[in-house]
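The values are calculated or read from the model by the stated rules, or taken from the named source; none is laboratory data. Computed from a predicted model, the values in this text were never measured in an experiment. Note that we place each Cβ from the backbone using ideal geometry, even for glycine, and neighbour counts take in every protein chain shown.
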Amino acid sequence: MPPPGIVIGGLCLRYAGESIFEGLNVTLPAGRFSVLLGPSGVGKTSLLRIIAGLETPAAGHVSADDGAPLAGRVAYMAQQDLLLPWASALENVMLGAVLRGQRREPQRAEALLRRVGLGHRLRALPATLSGGERQRVALARTLYEDRPVVLMDEPFSALDAISRARLQDLAVELLDQRTVLLITHDPLEACRLGHSLWVLAGTPATLGPPLTVPGAPPRAPDDESMLHRQGELLRRLALLSPA
């Protein structure tokens, strides 16, 4: 079945009496990469957690545009890698299946670890991995879930520039035709990967009109139209930052 679009309607979130966002409305298109940017602390991660069903808003709703429940159709990659310290990299990739009591697929998990450059660390425990390696295990675990909706919170932030570019390409390849919402603070990453770029800002936070980037992701780092959009996005972000 084709992946659903995500409909967010009238969403309100408050912490300790403070309004994070009020009446937030947006529809994330099906089968596309949507990218969310904005200042730290504005509510990006909270919005992702609400969509994932991990946090409850004060009001509003999140639903799939095909009328079916979202539950069971979402893979979520948090900022923290959340690896079990006593489990190997391979075991951590299959963690979701274990928790659900489902049959594990070690060959598929191993293939994903090889694709993210960790074929030589299959049995390694998290304590022996670098921060970038741990993040690659978390990415492989997210891809292993094979869900039509994928939510990713700064999934490449711990990687060096070359590894980041390679894994961005891999994510686009393996998540093609999925509905993806990705948080990043990197305008170049946003413009390489996103079909639609959204900026969450203000108090309470609101979403401005999306920017679109010509061409299909992953775009070449020196693509002229992408660089033009990157400059436009940087100007928009700069207006939101205090002097």
Apart from one, (1) modelled with pLDDT of 95 or more; (2) surrounded by fewer than 21 Cβ atoms within 10 Å (Cβ to Cβ) all hold for Ala75; the odd one out is (2)
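With the structure loaded, tell me whether Ser46 is touching a Leu at 6+ places or on another chain (Cβ under 7 Å), part of a strand (DSSP E or B), among the polar types (S, T, N, Q) and modelled with pLDDT of 95 or more or whether it fails that test.
Spelling it out, it is not the case that Ser46 is touching a Leu at 6+ places or on another chain (Cβ under 7 Å), part of a strand (DSSP E or B), among the polar types (S, T, N, Q) and modelled with pLDDT of 95 or more.
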Given the criteria part of a helix (DSSP H, G or I) and either within 15 Å of the chain's Cα centre (by Cα) or free of Cβ contacts under 8 Å to residues at least 12 places away in the same chain (or both), does Gln107 qualify? yes
Within the range 79-88, does at least one residue satisfy the condition of being surrounded by 14 or more Cβ atoms within 10 Å (Cβ to Cβ) and either among the aromatic types (Phe, Trp, Tyr) or not in a loop (DSSP other than H, G, I, E, B) (or both)? no
If I filter the range 203-216 for residues that are free of Cβ contacts under 8 Å to residues at least 24 places away in the same chain, outside any helix (DSSP H, G or I), surrounded by fewer than 18 Cβ atoms within 10 Å (Cβ to Cβ) and hydroxyl-bearing (Ser, Thr, Tyr), do I get at least one hit? yes
Thr179 vs (1) out of contact with any helix residue (DSSP H, G or I) (no Cβ under 8 Å at 6 or more places or on another chain); (2) closer than 26 Å to Ser19 by Cα; (3) hydroxyl-bearing (Ser, Thr, Tyr): all pass except (2)
Are any residues in the range 117-142 within 15 Å of Leu82 (Cβ to Cβ) and either of a type in the set (A, V, I, L, M, F, W, C) or part of a loop (DSSP other than H, G, I, E, B) (or both), and if so, which ones? Leu125, Ala127, Leu129, Val137, Ala138, Leu139, Ala140
